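Peer 1: Below: one structure in structure tokens.
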Amino acid sequence: MAKMTMVQALNLALRQEMEKDDRVILLGEDVGLDGGVFRVTDGLIESFGDQRVVDTPLAETGIVGMSIGMAVYGLRPVCEIQFSGFSYQNFHQLENHAARMRWRTQGRLTVPMVLRAPYGGGVRALEHHSESREAYWAHTPGLKMVIPSGPRNARALLVSAIRDPDPVIFYESKALYRAFREEVPEEEETLPLGQPQVVRQGSDLSLIAYGAMMRPTLKAAEELAEEGVEAEVIDLLTISPLDDTLLVESLTRTGRAVVVHEAPRSFGPGAEVVSRLMEGAFHYLQAPIERVTGYDIVIPYFSREKEYIPSVERIVEAGRRTLRS
Amino acid sequence: MPREKLVIADSIERLSILDDKGQLDRELEPDIPEELLLKLYRYMLLGRRFDERMLDLQRQGRIGTFPPIKGQEASQLGAIACLEASDWLVPSFRETTAELWRGRSLESVLLYYNGYNEGTVIPPEQCDLPMAVPVGSQVLHAVGLAWAAKYRRQDQVVMSFFGDGATSEGDFHEGLNFAAVYQAPVVFVCQNNQWAISVPLSRQTATPTLAQKAIAYGMPGIQVDGNDVLAVYAAAREAVERARAGGGPTLIECVTYRVMMHTTADEPSKYRSEEEVELWRERDPLPRFGDYLKARGSLSEESAAAVEEAVLAEVQAGVDRAEQQMATLGDPLQMFDHLFAELPPATQAQKEALARELAANDREEHHG
Ligand SMILES: Cc1ncc(C[n+]2csc(CCOP(=O)(O)OP(=O)(O)O)c2C)c(N)n1
Ligand SMILES: [Mg+2]
């Protein structure tokens, strides 16, 4: 096992899937010679050539529309949108075609593509480079929305996403790309899409998060532990389709929950999680479920982003509030 | 029915007036008032020195990521110099010099690149849009502004800037098509600096020029030597005059070069050779224009040195003002301002919650 950053782990997933399956084609802006602006596709054009690692003209609609055609033909395109903030250009291709080709053709044509895009704040980036708009895709029937939280699960989930028979939007946190290393096995490893994981056990409170918010959430759990509160921490991994079994089960034991995300609060993924908990565990609730989220504003330019992004203190404070009631 | 030949324009012009050997085509030399020539020179130098200073500041961690403009001064200023103050500038993200020409302050640029929302404030007297980061998106706004100006019978012209990469976006094609259909008074200025991050022009388009795309949309197109400020000026003046006279849009392709990295986060040695860059360094628009001015007696060694000194002082003063302002701009609550004319109650409550949180943190810091 090698210790890898998330960038390296994603690169490993792509490389191994490309070695195994010649249907896997990468395309996007600067993914070839440059190896992607974050270097996720580094070295792949050298190994697989420019027919399998395709530098495209600068057009997101083009990239996604073309991926749909390639996927319908039987290939497994993995396209990169350089920043999720530029995936709105290709919105209609996802909504009108990728998400519903199977449905429209009653199962005859399918779109097994992956759209990878860096998302989220915290890296002092220019405007339009720091947003978390996973709710758009999670809200679109026919799309799967996956967000890993570390090198190892990023690798395993990306492999599963590539092999999935349906379109998957795969958001990668820029803040996590090089934040830490984890052991990532050389041999194949997958994780099922649509299955959250318990990453810390506890019986006093359920903390539910995903992506870049996992680290502050785990840190908050540690701080709460110092106060004698044992928080269970759950990583969603897949935002949509959301499997709430584990979440509901956790809440039946803890009776209290805090949901954390960087995306704006209103109509965000947290709202869906809370609804599912209400539906599934209403009689076990001992306190109103709290949300710790980004505010309902555009994420500010970077000098103020720290105050926008949910912090450990905010999560701890929300946890304490649920415990007081 | 026979196969007939349809006659469609099959050529476009390329304009060069002051070539990279310093040869001047006297017949084409535009008639530019002395004062404007000197202003152009000063802004070219200001653009250059400010860019260099920003690179230093970025390397020292005093500002964040930014896209250098070095080498593109002529292709921005030659064009923007043809606008009246009452016209509109619709920039992309690499027209810093053009924005300075229009009156944007140095400190506004620095605030922006150091992550302050205050850096995109447009002075009330200025008819400009803020820079647009989503590539190509601004092209359509230029058409809308121009349509509106025509509707209001204002003889304003709109000038939109964008890169070679932007010509691959649908927004670019839609913008040109709309403008031609409505005969909107827009001048489209493409800064063809040969690269879109790591993608060279030859992988961006299969056509030998970008200017020829104008033909497909039914508007005049011209390619100019973008490192020749006289050529850029001459082409832009013609286009602006045509637009103002009701003659519709024009596409100008300025052939220039991105001498520096795409942004300070980019590493160009991964995808292009130093030899290529060197070739273009020799075509630097700045000394070329300086030599022209000296040859015609508009500039001397002494006056050039004086301009240099004044520009450096201006840059320093801008940096000082920016750093003074930044020291007073910390308030995080500002992030809630200006999203709507009126903040909705739930968002107002979020703002108040943050205010309480910040106050509590303050108290903790004082007592803890
Ligand atoms: C819609 C969109 N896609 C991708 C990006 C990321 N990006 C920023 S600049 C750039 C290249 C732009 O090339 P060009 O239009 O030639 O302008 P230049 O950078 O050379 O000035 C890319 C891909 C973006 N800002 N917007
Ligand atoms: Mg370019």
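The values are calculated or read from the model by the stated rules, or taken from the named source; none is laboratory data. Every value quoted in this text rests on a predicted model; they were computed, and no experiment measured them. No Cβ is skipped: glycine too gets one built from the backbone with ideal geometry, and neighbour counts run over all protein chains shown. Note: areas computed on protein heavy atoms with side chains; ligands, DNA, RNA excluded. Shrake-Rupley method; radii C 1.70, N 1.55, O 1.52, S 1.80 Å.
Peer 1: Using amide H atoms built in the peptide plane, which far-off residues or other-chain residues are under 5 Å from residue B:15 H to H?
Peer 2: Counting only residues 5 or more places away or on other chains, the set is B:223, B:224, B:225.
Peer 1: So what does log10 I(q)/I(0) come out to for segment B:210-368 at q = 0.16 Å⁻¹, using the Debye formula with one equal point on every Cα and no solvent?
Peer 2: The calculated log intensity ratios at q = 0.16 Å⁻¹ are -1.10.
Peer 1: Moving to a separate point now. Take every Cα-Cα distance within chain B, group them into 20 Å bins from 0 onward, and report for each bin the whole-number percent of pairs it holds.
Peer 2: 27, 55, 16, 2, 0
Peer 1: Report the Cα centroid-to-centroid distance between segment A:80-137 and segment A:256-316 in angstrom, as an integer.
Peer 2: Cα centres, segment A:80-137 to segment A:256-316: 22 Å.
Peer 1: With every atom except the alpha carbons ignored, what do you get for Rg and Dmax of segment A:2-184, in angstroms?
Peer 2: Computed over the Cα atoms of segment A:2-184, radius of gyration and Dmax are 15.1, 46 Å.
Peer 1: Given 37 °C and 0.692 mPa s, compute D for segment B:80-204 with the Stokes-Einstein relation, Rh being the Kirkwood radius over Cα pairs; round to the nearest whole µm²/s. Present the calculation step by step, with values, prior to reporting the outcome.
Peer 2: On the way: Rh = 15.0 Å.
For the chosen part, D equals 218 µm²/s.
Peer 1: How high is the relative contact order of segment B:105-150, in percent, with contacts defined as C-alpha pairs under 8 Å that are six or more residues apart? Walk me through the numbers before you get to the answer.
Peer 2: Working: 22 pairs, mean separation 8.8, N = 46.
Relative contact order, segment B:105-150: 19 percent.
Peer 1: Which order do A:222, B:342 take by accessible area at a 1.4 Å probe, largest first?
Peer 2: If we order A:222, B:342 from most to least accessible, we get B:342, A:222.
Peer 1: Would you tally the net charge around residue A:89, using a Cβ to Cβ cut-off of less than 10 Å, leaving residue A:89 out, and scoring K and R as +1, D and E as -1?
Peer 2: Values: positive: none; negative: A:60, B:169, B:171.
Overall, the nearby charge balance is -3.
Peer 1: Sticking with this one: Provide the per-residue ³J(HN,Hα) series for segment A:94-99, in order, calculated from phi with Karplus coefficients 6.51, -1.76, 1.60 and θ = phi - 60°, each as a whole number of Hz, with x at glycine and proline positions.
Peer 2: Taking θ as phi minus 60°, the curve returns 6, 5, 7, 10, 4, 6 Hz for segment A:94-99.
Peer 1: Just reorder A:115, B:38 by solvent-accessible area, largest first, 1.4 Å probe, all chains present.
Peer 2: Result of the area sort, largest leading: B:38, A:115.
Peer 1: List the trypsin sites (Lys or Arg not before Pro) in segment B:90-173 that DSSP assigns to loop (not H, G, I, E or B) and whose Cβ has at most 12 other Cβ atoms within 10 Å. Which are they? Provide the component values of the computation, followed by the final result.
Peer 2: Values: sites: B:94, B:102, B:104, B:150, B:152, B:153; in loops: B:94, B:104, B:152, B:153.
Listed in order of number, the matching sites are B:152, B:153.
Peer 1: Identify all lysines with a Cα-Cα distance to residue B:39 below 19 Å; exclude those on the same chain that are fewer than 8 residues away in sequence.
Peer 2: Hits, sequence-local ones excluded: B:70, B:294.
Peer 1: What is the antiparallel percent of DSSP beta bridges lying wholly in the protein assembly as shown, to the nearest 5?
Peer 2: 15 percent
Peer 1: I've got another one for you. Just read off the accessible area of residue A:139 with the full protein assembly in place, 1.4 Å probe, to the nearest 10 Å².
Peer 2: 150 Å²
Peer 1: Okay, next question. Taking the Cα centroid of segment B:184-242 and of segment B:282-342, what is the distance between the two, rounded to the nearest whole Å?
Peer 2: Segment B:184-242 and segment B:282-342 have Cα centres spaced 26 Å from each other.
Peer 1: Now, a different point. Taking a 21 Å limit on the Cα-Cα distance, which of the listed pairs A:219/A:306; A:3/A:306; A:144/A:219; A:20/A:174; B:21/B:213 fall beyond it?
Peer 2: A:3/A:306; A:144/A:219; A:20/A:174; B:21/B:213
Peer 1: Let me ask something else about it. If we count every other residue with Cβ under 13 angstrom of residue B:185's Cβ, Lys/Arg +1 and Asp/Glu -1, where does the sum land? Intermediate values should be presented prior to the final figure.
Peer 2: Details: positive: B:150, B:152, B:153, B:242, B:244; negative: B:84, B:87, B:155, B:241.
Around residue B:185, the charge tally is +1.
Peer 1: Tabulate in residue order the Karplus-calculated ³J(HN,Hα) for segment A:35-43, using 6.51 cos²θ - 1.76 cosθ + 1.60 with θ = phi - 60°, rounded to whole Hz; enter x for Gly and Pro.
Peer 2: These are the phi-based 3J(HN,Hα) values: x, x, 5, 9, 6, 5, 9, 4, x Hz.
Peer 1: Calculate one ³J(HN,Hα) per residue across segment B:288-293 by plugging θ = phi - 60° into the Karplus curve 6.51 cos²θ - 1.76 cosθ + 1.60, and present them in order as whole Hz with x for glycine and proline.
Peer 2: Taking θ as phi minus 60°, the curve returns 4, 6, x, 5, 4, 5 Hz for segment B:288-293.
Peer 1: Quick one: if you stick a label point 7 Å off each Cα along the C-beta vector at residue B:317 and residue B:62, how many nm between them?
Peer 2: For the pair residue B:317/residue B:62, the computed spacing is 1.7 nm.
Peer 1: List the pair-distance distribution P(r) of the protein assembly as shown, using every Cα-Cα distance, as the percent of pairs falling in each 10 Å bin from 0 up to the bin containing the longest distance, rounded to whole percents.
Peer 2: That works out to 3, 14, 22, 24, 19, 12, 5, 2, 0, 0, in percent per bin.
Peer 1: Ignoring ligands, DNA and RNA, how do B:195, B:88 rank by accessible area with a 1.4 Å probe, largest first? Write out the running numbers ahead of the final one.
Peer 2: Details: B:195 25, B:88 60 Å².
The most accessible residue leads, giving B:88, B:195.
Peer 1: Against the longest principal axis of chain A, how steep is helix A:312-324, in degrees 0 to 90 to the nearest 10, with axes from Cα atoms?
Peer 2: 40 degrees
Peer 1: Return the distance in nm (one decimal) between the two label points of a simple spin-label model at residue B:360 and residue B:202, each offset 7 Å from Cα along Cα→Cβ.
Peer 2: 6.2 nm
Peer 1: Same structure again: Quick one: which residues, 5+ away or cross-chain, put their amide H under 5 Å from the amide H of residue A:240? H built at 1.01 Å from N.
Peer 2: Hits under the 5 Å cutoff: A:145.
Peer 1: Now, a different point. Would you grab the residues whose amide H sits under 5 Å from the one on residue A:262? Only those 5+ places off in sequence or on another chain, please, with H modelled 1.01 Å from N.
Peer 2: Amide H neighbours of residue A:262: A:294.
Peer 1: Excluding ligands and nucleic acids, what accessible area in Å² is computed for residue A:48 using a 1.4 Å probe, to the nearest 10?
Peer 2: Rounded to the nearest 10, the figure is 40 Å².
Peer 1: Related question: So what is the relative contact order for chain A, in percent, with contacts set as C-alpha pairs under 8 Å and at least six apart? Please report the intermediate quantities before stating the final value.
Peer 2: On the way: 724 pairs, mean separation 52.9, N = 325.
Reported as a whole number, the value is 16 percent.
Peer 1: What number in nm² do you get for segment A:145-296 if you take the convex hull of its Cα atoms and divide its surface by four?
Peer 2: 9.5 nm²
Peer 1: Something else about it: Once you list every other residue whose beta carbon is under 15 Å from the beta carbon of residue B:328, what net charge do they have if Lys and Arg are +1 and Asp and Glu are -1?
Peer 2: Net of charged neighbours comes to -3.
Peer 1: For segment B:96-254, what is the relative contact order in percent, using Cα pairs closer than 8 Å and at least 6 residues apart in sequence?
Peer 2: It comes to 21 percent, rounded to a whole number.
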